[in-house]
1. Can you tell me the orientation of helix 151-164 relative to the chain, as the angle in degrees between its alpha-carbon axis and the longest Cα principal axis, to the nearest 10?
2. Can you tell me the length gained on complete extension of the stretch residue 289 to residue 236, counting 0.36 nm per residue apart and subtracting the Cα distance?
3. Would you mind calculating the gained length between residue 317 and residue 171 on full extension (0.36 nm times residue separation, minus the Cα-Cα distance), in nm to one decimal?
4. Nearest 10 degrees, 0 to 90: what angle lies between the long axis of helix 96-111 and the longest principal axis of the chain (Cα atoms)?
5. For segment 219-283, which chymotrypsin sites (Phe, Trp or Tyr not before Pro) are in a loop by DSSP, counting at most 16 other Cβ atoms within 10 Å?
6. So how far apart, in nm, are the two label points at residue 215 and residue 276 if each is 7 Å from Cα heading toward Cβ?
7. Given H placed on each backbone N at 1.01 Å, which residues far from residue 181 in sequence or on other chains put an amide H within less than 5 Å of it?
8. Where both partners of a DSSP beta bridge lie in the chain, what percent of those bridges are antiparallel, to the nearest 5?
Amino acid sequence: MSRKSRIIIVGSGIVGASTAYHLAQLGWKDMLILDQGPLFETGGSTSHAPGGVFQTNPSRMMCKFAQYTVDLLRSLTYEGKPCFHTVGGIEVSKTKERHEDLYRKLGIAHSYGLTDAKIISPDEVLKMSPFIDPEKIHGGYYVPTDGLAAPVRAVRAMAKYVTDLNAGEFIGDTPVTGFKISNNQIRGVETPHGEYEADIVLVSTGIWAPKMGRLANISLPLVPCEHQMAWLEPFDELKEFQAEHKEAQVEHALMRHQDYSLYFRQWNDTYVIGNYRHEPRILESEELKKPEDAEEMPSLVDFRPDDFAGAHQESNWLFPKFAEKKLTRKINGLFSFTLMESSNGRNIN
Ligand SMILES: Cc1cc2nc3c(=O)[nH]c(=O)nc-3n(C[C@H](O)[C@H](O)[C@H](O)COP(=O)(O)OP(=O)(O)OC[C@H]3O[C@@H](n4cnc5c(N)ncnc54)[C@H](O)[C@@H]3O)c2cc1C
């Protein structure tokens, strides 16, 4: 099969889908979006991300991007369900120094347009995050418009927008295995189902991007990293969020505890703990086989209990109710981080 498109987007995670969505808004047609996995739970990072959006960032550009993201996701629905839950985001302070730092963040946030951000007392934190022990914190930095994206639903909503406009087509189960390049110009891609031609090829393959780059003989400055996440047993107090209301329901604020590089989110009738406080675990994208489905993806690498031990202890200290629950699902998830090359040619993160 050979067909010509204006652009081929390789990968239909949130980055590929969002690119197609924005190009469609600009009037682009003839777009082809290919993914190696089944649409739209492809097995990429988007398929198993918890969707936390904290907008505050010391970089003005990143902060503005995050604000744009929240506005965009709030405007999207899929099959009548929202793509964003505006539950608010709270960063807590365990130490006086962290509390001081929250005031610095507040100044940054106000000057970058997050004008309703504020510092709140431990008791106010408790109202929005009822499992926390307010005695353990000095207070919280609260951004009411932070919240939780529904990542795959957002991808579906964006893809629908593109296809409803007849601006492009999404095809799953089609891995790109090579690039057609002549005279140093990209001409298209190769797949097991045949070749596809295009004026432009955009690679948005997340953790597989370095491998794609090497196929095209270019360096893509991304690297796959492991990131731990673990689910707790259900809580009786959250029973109403279970069953038929599954996936859409969340009420507690998204929480962050930066003294220990931890975050916490309600997940229907339970909670998820996200842990960044462990050895950097970096992989080569060639090592990562194509998962059969979204369920298989998190098991591409093993969960490392030792990496999680300190995070678990700290979580139980801050949220004493967590200590009553066992961990159920535990993963070392994978997503890509940017990579810089230093002047001596070594890659640094
Ligand atoms: C455990 C975990 C927690 C996270 N928490 C958060 C969070 O709270 N907030 C946040 O903002 N981010 C979070 N992230 C990060 C976020 O999920 C990723 O940054 C984002 O999903 C990356 O999107 P992407 O489109 O670049 O990649 P992906 O979603 O991985 O999409 C890449 C796509 O490319 C396809 N592909 C790969 N190779 C090929 C090929 N050869 N041919 C065709 N298709 C191919 C894949 O199948 C995949 O669908 C988290 C990630 C993980 C894993």
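The values are calculated or read from the model by the stated rules, or taken from the named source; none is laboratory data. Keep in mind the model is a prediction, meaning the values are calculated, not measured. Cβ: placed from backbone, ideal geometry, glycine included. Neighbour counts: every protein chain shown. These area figures cover heavy atoms from the full protein model, side chains too; ligands, DNA and RNA do not enter into them. Shrake-Rupley method; radii C 1.70, N 1.55, O 1.52, S 1.80 Å.
1. Compared with the principal axis, the helix lies near 40 degrees.
2. Value of the extension gain: 15.2 nm.
3. That works out to 47.9 nm of additional length.
4. In the chain, helix 96-111 runs at an angle near 50 degrees to the longest axis.
5. Hits after loop and neighbour filter: 276.
6. 3.1 nm
7. Result for residue 181 returns 187.
8. Approximately 75 percent, going by the DSSP bridge assignments.
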